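S.K.: Structure incoming, see below.
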Amino acid sequence: MANASNNLKVKGNISDLIIHDVMIITMNSEYKVYVDGAVVIDKDRILAIGNTAEILDKYDAREIIDGSGKLIMPGLINTHTHVPMTIFRGYADDMPLHEWLYDYIFPVESEFVNAENVTLGTKLAMAEMLRSGTTTFNDMYYHIEDIATVVDQVGMRAVLSESVIDFPAPNSPTPEDGLKTAEQLIRKWGNHSRITISVSAHAPYSCSSELIQSAKALADKYQVPFNIHVAETRKEFEQTMKDFNLTPVGYLNQLGVLGPNVIAAHAVHITPEDIQILIQRSVSVAHNPECNMKLASGVAPIPELLKAGVKVGLGTDGVASNNDLDLFDEMNTAAILHKLNSKDPTVLDAQTVVEMATMGGARVLGMESEIGSLEAGKKADMILMDMMQPHAHPIYNIYSLLVYSMKGADVESVIIDGKFVMRDRKILNLDEKSLYSKIESVAVKIREKNNLLTLKKPLKD
């Protein structure tokens, strides 16, 4: 990405950055695309966006960049994940969710989820997400204080929730401790420009009705999002029907916890009546197609949800069940999966899928006035992609190109809150080289503890 040496006249106030001669996908309400566009950034906001000639005639900046051969689009938004679980990537694969969760994940978390490993896993996740174009993510896990510290240092945007569950969690001996921690974190980080602390209950099958209601009451008290896994598997659906004669959605509705701040992760096994409840209560859904496929959990009725008007965003889930955090992969999978499942090649067209990963995700998080599209006045969260490569040509439909041809690895630079967080494929606030050997050292301990086939020594820097 080259700095332009334009001898431009000073035109009023000097902004921080102009990128010009670049294709811009705005994802605004009109789906405006600039083939030869320019964007002006001042502090953390987009000051202006338009055609190159018009922008350069009106604005000047301290730094002016020639974006020829690049594409700019809104940063991608991951609406459901568990970022520290990068340390468990590939640890327990090829098994049903219940066995995977209770026989492998919960036990290994109790042993290895601590402040140090959460920090390492979060750094690894930050690197992976930035390199594949994610600028904002919604996370539910443990040791949220340590995750928030990394997010603050690296420069990403995040919604973070301390997860409560009906048995001792890695940093919460009791569910009540988890709720106290969540409230303390909300108060501490409440004024951060890029971090929102929210609340989550793990799932209806792992939390008592009283715990779910208490967690939701806390989220409502501070007007923050409330995350919960909902109707992820057929087993969960059948057990809830057996215990309460209600679907998981119906059960949560009866508890009085559904509302506009609720983000239901997965929502795979839901009925037409459930969809109506989600609409009536203005509940959002985080769709995780790759995780649901890998665990054979099922296919969420996303076309039906979108048709009904439910807010839907894309998520990766954690890498222990995916096994990556690449939302370009997730977009491609979502588009293709639902065509196959519905036997209709017209469902979830490419433009709809790109919107799910951008404005759709912003709506799910309640942040649509700030992020999700490139418009004057909004936060300057955007990614620059390298178009000078064979799979980026020819261009007929730019949304189809993004969903079916482009890759996360095509992301060259990332701007969040008006600042470069990754530039020319170098992450600026993270030492990746030393990180990998530290992660492999943790993996050695996990393998040895669980009598797994192990490398003789961790990888060298």
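S.K.: Answer yes if at least one residue in the stretch 188-210 is modelled with pLDDT under 95, touching a strand residue (DSSP E or B) at 6+ places or on another chain (Cβ under 9 Å) and farther than 26 Å from L295 by Cα, and no otherwise.
M.R.: Checked against the condition, which is being modelled with pLDDT under 95, touching a strand residue (DSSP E or B) at 6+ places or on another chain (Cβ under 9 Å) and farther than 26 Å from L295 by Cα, the stretch 188-210 yields at least one hit.
S.K.: Tell me whether the stretch 306-315 contains one or more residues that are farther than 18 Å from V411 by Cβ, of a type in the set (G, A, S) and out of contact with any helix residue (DSSP H, G or I) (no Cβ under 7 Å at 6 or more places or on another chain). Please lay out each step first, then the result.
M.R.: Just the residues of the stretch 306-315 that are farther than 18 Å from V411 by Cβ, to begin with: 306-313, 315.
With the extra rule that they be of a type in the set (G, A, S), the set shrinks to 308-309, 313, 315.
So of that shortlist, the ones also out of contact with any helix residue (DSSP H, G or I) (no Cβ under 7 Å at 6 or more places or on another chain) come out as 315.
Yes - at least one qualifying residue is present in the stretch 306-315.
S.K.: Find the residue count for the stretch 72-109, including only residues that are under 18 Å from the mean Cα position of the chain (by Cα), hydroxyl-bearing (S, T, Y) and under 24 Å from R234 (Cβ atoms).
M.R.: 2
S.K.: Same structure, new question: Assigned by TED's automatic domain parsing to the domain that holds E238 and crowded, with 22+ Cβ neighbours inside 10 Å: does that describe N341?
M.R.: Details: assigned by TED's automatic domain parsing to the domain that holds E238: yes; crowded, with 22+ Cβ neighbours inside 10 Å: no.
Answer is no for this residue.
S.K.: Also: What number goes with the only condition from (1) surrounded by fewer than 15 Cβ atoms within 10 Å (Cβ to Cβ); (2) charged (D, E, K, R); (3) without any contact (Cβ under 8 Å) to a residue 12 or more places away in the chain that D424 does not pass?
M.R.: Result: D424 passes all but (3).
S.K.: Something else about it: Of the conditions (1) at pLDDT below 95; (2) under 14 Å from V230 (Cα atoms), K294 fails just one. Which one is it?
M.R.: All conditions are met except number (2).
So that you can scan it fast, the table gives a plain yes or no per residue for (1) closer than 18 Å to F167 by Cα; (2) in the same structural domain as D324 (by TED's automatic domain parsing); (3) touching a residue at least 12 places away in the same chain (Cβ under 8 Å):
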{"site": "G67", "(1), (2), (3)": "no, no, yes"}
{"site": "T81", "(1), (2), (3)": "no, yes, yes"}
{"site": "P84", "(1), (2), (3)": "no, yes, yes"}
{"site": "F88", "(1), (2), (3)": "no, yes, yes"}
{"site": "A92", "(1), (2), (3)": "no, yes, yes"}
{"site": "E99", "(1), (2), (3)": "yes, yes, no"}
{"site": "Y102", "(1), (2), (3)": "yes, yes, no"}
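S.K.: Looking for whichever is under 28 Å from K419 (Cα atoms), in the same structural domain as E238 (by TED's automatic domain parsing), in contact (Cβ under 8 Å) with a residue 60 or more places away in the chain and among the acidic types (D, E) here; the options are E128, E111, E116. Which one fits? Please lay out each step first, then the result.
M.R.: On the way: E111 fails: under 28 Å from K419 (Cα atoms); E116 fails: in contact (Cβ under 8 Å) with a residue 60 or more places away in the chain.
Result of the check over E128, E111, E116: E128.
S.K.: Identify the single condition in (1) in a helix (DSSP H, G or I); (2) modelled with pLDDT of 95 or more that G313 does not satisfy, given that it satisfies every other one.
M.R.: (1)
S.K.: With the structure loaded, tell me whether S369 is within 21 Å of the chain's Cα centre (by Cα) and in contact (Cβ under 8 Å) with a residue 12 or more places away in the chain or whether it fails that test. Before the answer, list the steps.
M.R.: Values: within 21 Å of the chain's Cα centre (by Cα): yes; in contact (Cβ under 8 Å) with a residue 12 or more places away in the chain: no.
Against the criterion (within 21 Å of the chain's Cα centre (by Cα) and in contact (Cβ under 8 Å) with a residue 12 or more places away in the chain), S369 does not qualify.
S.K.: Let me ask something else about it. Might you let me know whether the stretch 167-174 holds any residue that is touching a helix residue (DSSP H, G or I) at 6+ places or on another chain (Cβ under 6 Å) and modelled with pLDDT of 95 or more?
M.R.: no
S.K.: Which is buried (at least 16 other Cβ atoms within 10 Å of the Cβ) and farther than 18 Å from H82 by Cβ, of S200, S172, S214, S193? Walk me through how you get there before you give the answer.
M.R.: Values: S200 fails: farther than 18 Å from H82 by Cβ; S172 fails: farther than 18 Å from H82 by Cβ; S193 fails: buried (at least 16 other Cβ atoms within 10 Å of the Cβ).
The unique qualifying residue is S214.
S.K.: While we're here: Are there any pairs with C-beta distances below 8 angstrom linking a residue in the stretch 316-327 that is touching a residue at least 12 places away in the same chain (Cβ under 8 Å) and buried (at least 24 other Cβ atoms within 10 Å of the Cβ) to a residue that is in a loop (DSSP other than H, G, I, E, B) and acidic (D, E), with the two at least 6 apart or on different chains, and if so which?
M.R.: T316/D324; T316/D326
Condition check ((1) under 20 Å from A201 (Cα atoms); (2) surrounded by fewer than 24 Cβ atoms within 10 Å (Cβ to Cβ)) across all residues:
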position	(1), (2)
F237	yes, yes
N245	no, yes
G259	yes, yes
N288	yes, no
A296	no, yes
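S.K.: Continuing with this model, one more query. Checking the condition of a type outside the set (K, R), in a loop (DSSP other than H, G, I, E, B), in the same structural domain as V310 (by TED's automatic domain parsing) and at positive phi, which residue from L325, L348 passes?
M.R.: Values: L325 fails: at positive phi.
Sole residue among the options that is of a type outside the set (K, R), in a loop (DSSP other than H, G, I, E, B), in the same structural domain as V310 (by TED's automatic domain parsing) and at positive phi: L348.
The values are calculated or read from the model by the stated rules, or taken from the named source; none is laboratory data. What you are looking at is a predicted structure, and each value in this text was computed from that prediction instead of being measured. Note that we place each Cβ from the backbone using ideal geometry, even for glycine, and neighbour counts take in every protein chain shown.
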